[in-house]
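Enquirer: Here's a structure for you.
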Amino acid sequence: MTAINLGMPAAPPAPLAPRRKSRQIMVGSVPVGGGAPVSVQSMTTTLTSDVNATLQQIAELTASGCQIVRVAVPSQDDVEALPAIARKSPIPVIADIHFQPKYVFAAIDAGCAAVRVNPGNIRQFDDKVKEIAAAASAAGVPIRIGVNAGSLDKRLLEKYGKPTAEALVESALWECSLFEEHGFRDIKISVKHNDPVVMIKAYRLLAQQCDYPLHLGVTEAGPAFQGTVKSAVAFGALLAEGIGDTIRVSLSAPPVEEIKVGTAILEALNLKERGLEIVSCPSCGRAQVDVYTLAEQVTAALEGFPAPLRVAVMGCVVNGPGEAREADLGVASGNGKGQIFVKGQVIKTVPESLIVETLVEEAMKIAADMGIDPLGDDEPTPAVVTVH
């Protein structure tokens, strides 16, 4: 049959806004701020004192695309585990310190790439800033000042009545000023709140008042669905304005799920090269195929595919040609058949029973043409499923 050329689109659009200008710090080997790509991080859920379990989870996170990982350090047993974890982790490790300022020094000595401190719940923290600044500076270890709505300094709660955006920002900048008095500016800031509206306002205020890199997070965002929505709304609003240098999606779910969601958010905003993307129609009365099942089958068949492809799965010919033009590969289905298109050209029509098999075959050809091993021996890119 004669191939139909639908025409390929131009390059993907640029991000919505220029990145906010900030100073750059190094979290281990990962540059943060100063125009560096937005990085995705998560936090282990294992007992940090269990070195093997923690390293195993870090390996899983790394394979999912995590670039920086944070570990909790609530006890002396956790402190003692830090040297081995920091040394063996494939990605930079941030020690998460609460309550005990002495653990900050231990984490620096252990070789952690950075230390997160929460000034609101470290007793007499301000009195230790000079010593912490000296130790961190000597070791080249940045400090993340992490302010949380749930653990705001009592002085600021009394002043504002509740953890407002202004209170969060004032807390963070006050602590920064204490470090600045000692010449230390290797700082990253987060001002997290469980309400995306308050969180967005806080980061906007903070972005106007300092040039430190910012770590975005909606704290205690909730279970997977609710937390994904909250994080996508908050991160999308800020990143679209150029605000944000690292992100962590906080979910009541396995941490690998946090990385998948965070990666998808960055890809959707063209802040990260897109991996495998399945574009599928929501189905309607025009559909002449079970789109839900077909989309699931295609997604399962291409899961972990190593090439960054956009694959369109369409249930009729109304939107099929348009999606064909935008996709690397796809199908428009109807009357028991499927039109297969590659790079904007309809190349063949196959029976419905052969659609999935044919799409996989064509995907492997495209990957080979791109110089990527279609069997996946290259590092796989996490799949992103976008349902229209």
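The values are calculated or read from the model by the stated rules, or taken from the named source; none is laboratory data. Since this is a predicted model, take the numbers as computed values, not measurements. Neighbour counts are summed over all protein chains in view; Cβ atoms, including those assigned to glycine, are modelled from backbone coordinates with ideal geometry. Calculation scope for accessible area: heavy atoms of the full protein, side chains included, ligands and nucleic acids excluded. Shrake-Rupley method; radii C 1.70, N 1.55, O 1.52, S 1.80 Å.
Enquirer: Only one residue in 197, 169, 191 is on the phi < 0 side of the Ramachandran plot, open to solvent by less than 60 Å² (accessible area, probe 1.4 Å), modelled with pLDDT of 95 or more and in a helix (DSSP H, G or I), so which one is that?
Expert: The conditions single out 169.
Enquirer: Quick one: how many residues across the range 205-220 are open to solvent by 10 Å² or more (accessible area, probe 1.4 Å) and assigned to a loop (DSSP other than H, G, I, E, B)?
Expert: 4
Enquirer: Determine, yes or no, whether residue 234 is under 29 Å from residue 216 (Cβ atoms), small (Gly, Ala, Ser) and crowded, with 23+ Cβ neighbours inside 10 Å.
Expert: yes
Enquirer: Based on what the data block shows, is residue 125 touching a Pro at 6+ places or on another chain (Cβ under 7 Å) and of a type in the set (Phe, Trp, Tyr)?
Expert: So residue 125 passes the test.
Enquirer: Name the residue that is surrounded by the most Cβ atoms within 10 Å (Cβ to Cβ), counting only residues in the range 242-287 that are within 21 Å of residue 25 (Cβ to Cβ) and of a type in the set (D, E, K, R).
Expert: 248
Enquirer: Here is a further query. Among the residues of the range 75-101 satisfying the criterion of being modelled with pLDDT under 95 and under 26 Å from the mean Cα position of the chain (by Cα), which is farthest from residue 59 (Cα to Cα)?
Expert: My answer is 98.
Enquirer: I would also like to ask the following. I want to confirm something. Restricting to the range 120-154 and keeping residues that are without any contact (Cβ under 8 Å) to a residue 40 or more places away in the chain and of a type in the set (Lys, Arg), which single residue is nearest to residue 110 (Cα to Cα)?
Expert: Of everything passing the filter in the range 120-154, 128 is nearest to residue 110 (Cα to Cα).
Enquirer: Select, from 192, 260, the only residue that is over 17 Å from residue 172 (Cα atoms) and among the basic types (Lys, Arg).
Expert: Going through 192, 260 in turn, just one is over 17 Å from residue 172 (Cα atoms) and among the basic types (Lys, Arg): 260.
Enquirer: Within the range 316-331, does at least one residue satisfy the condition of being open to solvent by 30 Å² or more (accessible area, probe 1.4 Å), in contact with a Cys (Cβ under 7 Å, 6 or more places away or on another chain) and at pLDDT below 90?
Expert: yes
Enquirer: Being in a loop (DSSP other than H, G, I, E, B) and over 32 Å from the mean Cα position of the chain (by Cα) is the filter here; which residues of the range 124-165 pass it?
Expert: The answer is 124, 161.
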